[in-house]
């Protein structure tokens, strides 16, 4: 059971409960926490993970996702590089993105990041902050919730 202050019975938007989410992080524990939390909160119908940017790009080329939650600092390809590569992909559906980083200095360059970036969360962050970000800022009630 997740140890959070979020009420699992809290009404979620029908829009968020249908999301396909891709979690990208080189830390297997962080991936597992998010892979558990998102379905527990009923904010996603399908959650997949990738250990790095290349694996994430492969998944994005073969299947559409509504939301990408990615670490920024990963070996091989940073989260910012991943977002740039996603912009270059010839895919019909570009996911919205939340970028997570333990490096507060990376936030200064936010204005140069690709358009699908909605939010940057500084690690470590409470899970409640991610839940609120998804349900209130990324896909607020009424955003596609017809």
Q) For labels at residue 55 and residue 85 in the simple 7 Å Cα→Cβ model, what's the distance in nm? A) 1.3
Q | residue 93 paired with residue 32, simple spin-label distance in nm, labels 7 Å along Cα-to-beta-carbon | A | 2.9
Q. If the convex hull of the alpha-carbon atoms of region 15-99 is projected onto planes in all directions, what is the mean projected area in square nanometres?
A. 4.9
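Where a number appears in this text, it was derived from the coordinates with a stated rule and is not lab data. Just so it is clear, the model here is predicted, and its values are computed rather than measured. Here Cβ is always computed from backbone atoms with ideal geometry, including for glycine, and neighbour counts include all displayed protein chains.
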